[in-house]
1. Tell me whether the range 131-138 contains one or more residues that are in contact with a strand residue (DSSP E or B) (Cβ under 7 Å, 6 or more places away or on another chain) and in a strand (DSSP E or B).
2. Tally up the residues in the range 83-102 that are assigned to a strand (DSSP E or B) and over 15 Å from the mean Cα position of the chain (by Cα), please.
3. Looking at the range 103-116, which of the residues that are touching a residue at least 24 places away in the same chain (Cβ under 8 Å) and in a loop (DSSP other than H, G, I, E, B) is farthest from the chain's Cα centre (by Cα)?
4. Specify which of the listed residues (71, 104) is more than 30 Å from residue 14 (Cβ to Cβ), loosely packed, with under 15 Cβ neighbours inside 10 Å and at pLDDT 95 or above.
5. Can you spot a residue in the range 12-19 that is surrounded by 17 or more Cβ atoms within 10 Å (Cβ to Cβ), within 28 Å of residue 150 (Cα to Cα) and touching a strand residue (DSSP E or B) at 6+ places or on another chain (Cβ under 9 Å)?
6. Within the range 4-29, can you find the residues that are in contact with a helix residue (DSSP H, G or I) (Cβ under 8 Å, 6 or more places away or on another chain) and more than 17 Å from residue 75 (Cβ to Cβ)?
7. State whether the residues of the range 140-150 include one that is touching a residue at least 60 places away in the same chain (Cβ under 8 Å), assigned to a strand (DSSP E or B), more than 19 Å from residue 5 (Cα to Cα) and under 13 Å from the mean Cα position of the chain (by Cα).
8. Pairs needed: first member in the range 51-77, over 9 Å from residue 21 (Cβ atoms); second member anywhere, surrounded by 22 or more Cβ atoms within 10 Å (Cβ to Cβ) and modelled with pLDDT under 95; C-beta distance under 9 Å; at least 6 residues apart or different chains.
């Protein structure tokens, strides 16, 4: 998060517009990979903020690998999310309005391993068994994905 951290040195914890990407990774059992975050103790999607010069697809692939050890072979654009419900205040006080590009990935490789500084646990969940303590910015994304699953 170098770019955002550099901005924080200038603006402090005031709200920033933060562009980023995340991945809804689905295994062969149609289960979603969620990570238990260390910062807020909520389950969420692998993802993070855009760095200077990166594409959003590069962000999604980089963050998926950094946080889970998995390599996305193919990503499919799901949706772009923004607006008031994507406001988030981190436990340490920094405020953001997220603009999140979400990809779905079911074609991946690698060995599942958590990134120790950010991730407490990684676990696959069927969309009917999603935990209740979901990371607030990820909740509407996961809910929209579940709705699309139920409609198909």
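The values are calculated or read from the model by the stated rules, or taken from the named source; none is laboratory data. What you see is a predicted model, and the numbers here were worked out from it, not measured in a lab. For neighbour counting, all protein chains shown are included, and Cβ atoms are generated from backbone atoms with ideal geometry for every residue, glycine included.
1. yes
2. Summing the residues that are assigned to a strand (DSSP E or B) and over 15 Å from the mean Cα position of the chain (by Cα) in the range 83-102 gives 2.
3. Selected residue: 111.
4. 71
5. Scanning the range 12-19, I find no residue that is surrounded by 17 or more Cβ atoms within 10 Å (Cβ to Cβ), within 28 Å of residue 150 (Cα to Cα) and touching a strand residue (DSSP E or B) at 6+ places or on another chain (Cβ under 9 Å), so the answer is no.
6. Once the filter is applied, which keeps residues that are in contact with a helix residue (DSSP H, G or I) (Cβ under 8 Å, 6 or more places away or on another chain) and more than 17 Å from residue 75 (Cβ to Cβ), the range 4-29 yields 16, 18.
7. No, the conditions are met nowhere in the range 140-150.
8. Listed pairs, sorted by first residue: none to list.
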